[in-house]
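Note sheet for the following structure.
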Amino acid sequence: MTMEEVLKVRGARHRYGDKVALDGVDLDVHAGECVALLGPNGAGKTTLVNLAIGLLSRQAGEITLAGGDPRHAATRRKLGVVQQSLGFPNTMRVGEAVSGAAVRAGMTRGAAGPILAEVGLTDLLKQRVVKLSGGQRQRVQLAMALVADPALLVLDEPTVGLDVPARRRFWDLLAERRAKGTGVLVTTHLIEESAAVADRVVVLANGRVLADARPDVLVDRLPDRTVSARTTLSGEQLSRLPGVVSVDREGEHVRLTTRSPEALLRRLLAEDPALAELRVEGAGLEEAVVALTKASGTAVAA
Ligand code: ATP
């Protein structure tokens, strides 16, 4: 992977009247890289994306898209965008939608052919877009976004409403484009999915970057896991088990916190064959992000 930046944001600040939406944000997407932008509602994700794709004018900071200013039309030709709520005219057919996008990007109508084949829409060329399934329509949008071979592809919740095979196909297609150098910025609420597809996860909250790290690094920042069970082991026996941080007991029901649940579970099961109602809680990227957005002000770097 080359390390060329296809999107570079430095010190972006943005306010709507008195409301501060972005409060000094840095963001990089390199060629071939997939960056997931996560954060609670109102975090500033849409504002950041709209600045990056030139829909909003920059108020403060630097934003460079494929080496240029995203407000310039020539720069935006190097950008592909897939948005959730794009409407299509009632009569527009699949082939027309994609060849129209090719022409708008300064290419010939014929440029639509290969991309339609790539996303598997050749059989649906004459279909009206409004009659397609959600997954097929998503592929039309992807073809429109990819036709000009963009340096950066921006995806807004791209797999909402898609079934599992359609999702997998979507990410497989993107993997091929990424291998050829297209950078991807994806906003999503699907934390697990972004962990699976992203090279880096950027967590925004209150207009600031709380974390910018590989998904596995974020998971390592997890708070302690909780193991709960019904057991006859005494408090003293429990606190001697490996990796136990705390013991909280109510009759036979205990809650143990630990950083190493696997080792603890093995010993628990060995020492108490009558162990029942075993549960382990808190073990994914989702918890890491929630914990990060709750803990104020501590940034995490990769
Ligand atoms: P969501 O996940 O809900 O889409 P978001 O992370 O995309 O949220 P933004 O839409 O960027 O967040 O909003 C950031 C902040 O700026 C919010 O507090 C929002 O209320 C405010 N905001 C966004 N757009 C405007 C606007 N046009 N006028 C005034 N305030 C706005």
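Derivation of every value follows stated rules applied to the coordinates shown; laboratory data play no part. Quantities reported herein were computed from a predicted structural model and do not represent experimental measurements. Every residue, glycine among them, receives a Cβ derived from its backbone with ideal geometry; neighbour counts consider all protein chains shown.
Helix-only mean residue ellipticity at 222 nm, the chain, DSSP H runs n ≥ 4 weighted -39,500 (n - 2.57), per residue, nearest 500. What is it? List each step's numbers first, then the result.
Numbers: 11 runs with 98 residues, N = 302.
Dividing the helical sum by the residues of the chain leaves -9000 deg cm²/dmol.
Taking the Cα atoms of the range 1-153, the ratio Rg/Rh between the radius of gyration and the Kirkwood radius comes to 1.01.
Count the lysine pairs in the chain whose Cα atoms sit under 20 Å apart, keeping only pairs 8 or more residues apart in sequence or on different chains. Before the final figure, lay out the partial values.
On the way: Lys8/Lys45; Lys8/Lys78; Lys8/Lys180; Lys19/Lys45; Lys45/Lys294; Lys78/Lys180.
Step by step, the pairs that qualify in the chain add up to 6.
What is the Cα radius of gyration of the range 1-57 over 2.2 N^0.38 Å, N being its residue count? The partial results should precede the final answer.
Working: Rg = 12.2 Å, N = 57, 2.2 N^0.38 = 10.2 Å.
Taking N as the residue count of the range 1-57, the ratio is 1.20.
Among Asp28, Asp272, Asp199, the largest mean-square fluctuation in a Gaussian network model of the chain, built with springs joining Cα atoms closer than 10 Å, belongs to Asp272. Computed from point charges on the beta carbon alone (+1 for Lys and Arg, -1 for Asp and Glu), the dipole magnitude for the chain about its Cα centre is near 1240 Debye. With the biggest extent put first, the Cα atoms of the range 163-288 measure 58, 35, 21 Å across the principal axes. Once every Cα of the range 223-282 carries one equal point scatterer and solvent is ignored, give the base-10 log of I(q)/I(0) from the Debye formula at q = 0.22 Å⁻¹, two decimals. The Debye formula, applied to the Cα set alone, gives -0.77.
In this Cβ point-charge picture (+1 for Lys and Arg, -1 for Asp and Glu), the range 54-185 has a dipole of about 260 debye about its Cα centre.
Looking at the range 87-193, the trypsin sites (Lys or Arg not before Pro) that sit in a DSSP loop and have at most 10 other Cβ atoms within 10 Å of their own Cβ are Lys126, Lys180. Largest GNM mean-square fluctuation among Glu271, Glu286, Glu96, using the chain with Cα springs under 10 Å: Glu271.
What FRET efficiency do you get for Arg109 and Glu157 if R0 is 30 Å and r is their Cβ-Cβ distance, rounded to the nearest 0.05? Please list the in-between numbers first.
Working: r = 30 Å, r/R0 = 1.00.
Between Arg109 and Glu157 the formula returns 0.50.
Mind putting a number on the dipole of the range 223-282 about its Cα centre? Charges go on the C-beta only, +1 for Lys and Arg and -1 for Asp and Glu, and I need it in Debye to the nearest 20. Before the final figure, lay out each step's value.
Values: 9 positive and 10 negative charges, 35 e Å.
With only Lys, Arg, Asp and Glu charged at Cβ, the dipole is about 160 debye.
Between Glu250 and Ala276, full extension at 0.36 nm per residue minus the direct alpha carbon distance yields a gain of 7.9 nm.
Here's the picture: charge each Lys and Arg Cβ at +1 and each Asp and Glu Cβ at -1 in the chain, and of Thr64, Gly95, Ala211 the one pushed furthest to the positive end of that dipole is Gly95.
Summarising the strand pairing of the chain, around 65 percent of its internal DSSP beta bridges are antiparallel. Over all pairs of different C-alpha atoms, the chain has a mean inverse distance whose reciprocal, the Kirkwood radius, equals 21.6 Å. Within the listed set Gly32, Gly135, Gly243, the Gaussian network model of the chain (springs between alpha-carbon atoms below 10 Å) gives the highest mean-square fluctuation for Gly243.
Test of understanding: what is the full-extension gain from Arg168 to Ala196, defined as 0.36 nm times their sequence separation minus their Cα-Cα distance?
Working: separation 28, 0.36 × 28 = 10.08 nm, distance 1.08 nm.
Length difference between fully extended and current span is 9.0 nm.
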